[in-house]
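Here it is, the structure, as structure tokens.
The values are calculated or read from the model by the stated rules, or taken from the named source; none is laboratory data. Keep in mind it's a predicted model, so treat the numbers as computed, not measured. Here the Cβ positions follow ideal geometry from the backbone for every residue, glycine too, while neighbour counts run over all protein chains shown. With ligands, DNA and RNA removed, areas are computed over all heavy atoms of the protein, side chains included. Shrake-Rupley method; radii C 1.70, N 1.55, O 1.52, S 1.80 Å.
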Amino acid sequence: MARATGPDSFTARWRKALHRVRIAVRKSGVDYFRGDGSDWIALAGLLLTVPVITCATLLAPTWCAPAALVLPIVAGGLLLRPANLLGLYAAAATALIVESVELGPYTAGADRVTPGTVLVVAACGLFGLLIAQFRARVGVPWRRGGTMLFDLRERIRVQSALPRLPRGWHREMALRPAGGQSFSGDFVVAARTGGGRTLEIVLTDVSGKGMDAGSRALLLSGAFGGLLGSLPPHAFLPAANGYLLRQDWDEGFATAIHLVLDLDSGDYQLLSAGHPPALQLHAGSGRWHEQNAEGPLLGVYDGAEFHPAKGSLAPGDVLMLFTDGLVETSERDISEGIDRLTGEADRYVATGFDGAAWHLIEAVAKDVNDDRALLLIRREA
């Protein structure tokens, strides 16, 4: 029995050890690609490329120039931590010295290590070190940086999605960040409250534009999404104003318009915080009318009051909400922009405004270097 137990226990221990090694390798690989693991694998790989490039340069300098050493240096700036990056730079400097000695002085002919080659390699090394220090200070590895930005963009897009409406209602929204970027200072939060009978939408324009306002817009969209539906409609903007004041940002103001629409009757309330007016198309007359609600900017002073404007959407009516980037530029004031917007919108009366939001932004403010957002609510006839 003792002889039979020995081999069994040895095999069991060997399998357990192999399992632990496999788990450790898998975990280190996952951590590395997530950006949480050590960079020694990347360092070892890049250190091996330096002598390979050096040998190729010595054997065929015409095809592999001495400046090819910038390749591992650039890769190191993206992959390595600053301390390990210096070790790679030392290896690259040693390789340049070896190439210079073996190939001879640069005055002897082409394909030598010239002062320009040294300057190019040194400049790439400097930029790589600055990038590595920035990544180390931020704490976001390059492998996760792009993924994190993509995730933030998708979260903003999901939070801005409008809920489904019952039959008889049509809604659509278009948002265009400044400069064709992925992040915008304009955002929408929406929810159906009151057992699904009421539609609440908040369109917000954060001060700034594009990437500069994107981080603040993400923070505010999460906060506003939590407030919406958790408070009575008349208490939303005062709570949002208090939240913005507590952030104590240098550029901390924002405009917002809050729509509270009864989906059964079509009656609505608009509460505005320094936002451009809403536009309502009355199907009976075929004319657009401004709906102005009074209220100061968010984040300016405490105790602000917001007075609602009331209206009703009859069958065939359209309500349009938008940000100032759509109607106001340095060359024209907001009234001219609104006239142009309503003139373009009249073309979609016959088609029921299907797909009109995106086309209106293209027609009215295609080349405007500002964030633009447009929201359409139509009660079908």
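Calculate the length of the line joining the C-alpha centroid of segment 313-333 to that of segment 234-282, in whole Å.
15 Å
With +1 on each Lys and Arg Cβ and -1 on each Asp and Glu Cβ, and nothing else charged, work out how big the dipole of the chain is about its Cα centre, in Debye to the nearest 20. The partial results should precede the final answer.
Values: 36 positive and 39 negative charges, 541 e Å.
Magnitude of the dipole: close to 2600 debye.
Accessible surface of residue 81 in the full protein assembly, 1.4 angstrom probe, to the nearest 10 Å²?
110 Å²
On to the next question. Can you compute 3J(HN,Hα) from phi for each residue in segment 218-229, using the Karplus curve 6.51 cos²θ - 1.76 cosθ + 1.60 with θ = phi - 60°, rounded to whole Hz and x for Gly and Pro?
These are the phi-based 3J(HN,Hα) values: 5, 4, 5, 5, x, 5, 5, x, x, 6, 5, x Hz.
Could you compute the net charge surrounding residue 223? Neighbours are other residues with a C-beta less than 13 Å from the C-beta of residue 223; K and R count +1, D and E count -1.
On the way: positive: 216, 246; negative: none.
Once positives and negatives cancel, what remains is +2.
Give the accessible surface of segment 56-121 per residue, rounded to a whole number of Å², with probe radius 1.4 Å and ligands, DNA and RNA excluded.
52 Å²
Starting from the exponent 0.38 and prefactor 2.2 Å, build the expected Rg for segment 222-321 from its residue count and divide its actual Cα Rg by it. Show your work: numbers first, answer last.
Working: Rg = 14.8 Å, N = 100, 2.2 N^0.38 = 12.7 Å.
This ratio for segment 222-321 stands at 1.17.
Quick check: with the 1.4 Å probe, what order do 55, 124 take by accessible area, largest first?
I get 55, 124, largest accessible area first.
Report the relative contact order of the chain, percent, no decimals, based on alpha-carbon pairs under 8 angstrom and at least 6 residues apart.
13 percent
Note down the net charge around residue 294, summing +1 for each Lys or Arg and -1 for each Asp or Glu among other residues with Cβ under 14 Å from its Cβ. Mind dumping the intermediate values first?
Details: positive: 310; negative: 290, 305.
Net charge in that neighbourhood comes out at -1.
Expressed as cubic angstrom per residue, what is the convex hull volume of the alpha carbon set of segment 304-381?
Here the figure is 112 Å³ per residue.
Under a Cβ-Cβ cut-off of 11 Å, what is the net charge of the residues other than residue 81 that fall near it, where Lys and Arg count +1 and Asp and Glu count -1?
0
Something else now. Which FRET efficiency value, to the nearest 0.05, do you get for residue 18 and residue 86 by plugging their Cβ-Cβ distance into 1/(1 + (r/R0)^6) with R0 = 51 Å?
With R0 = 51 Å, the Cβ-Cβ based efficiency is 0.85.
Compute, for residue 170, the solvent-accessible surface of its heavy atoms (probe 1.4 Å) with the complete set of protein chains present, and express it in square angstrom to the nearest 10.
Rounded to the nearest 10, that gives 40 Å².
Please report the accessible area of residue 302 (heavy atoms, 1.4 Å probe, ligands and nucleic acids excluded) in Å², nearest 10.
Rounded to the nearest 10, the figure is 120 Å².
Among 198, 117, 107, determine the one that fluctuates most according to a GNM of the chain built with springs between C-alpha atoms less than 10 Å apart.
107
Bin all alpha-carbon pair distances of the chain at 20 Å intervals from 0 and give each bin's fraction as a whole percent.
With 20 Å bins starting at 0, P(r) equals 22, 34, 25, 17, 2, 0.
Still on this structure: Restricting to DSSP H runs of at least four residues, report the calculated mean residue ellipticity at 222 nm for the chain, -39500 (n - 2.57) per run over all residues, nearest 500 deg cm²/dmol. Walk me through the numbers on the way to the answer.
On the way: 10 runs with 182 residues, N = 381.
Here the helix-only value at 222 nm equals -16000 deg cm²/dmol.
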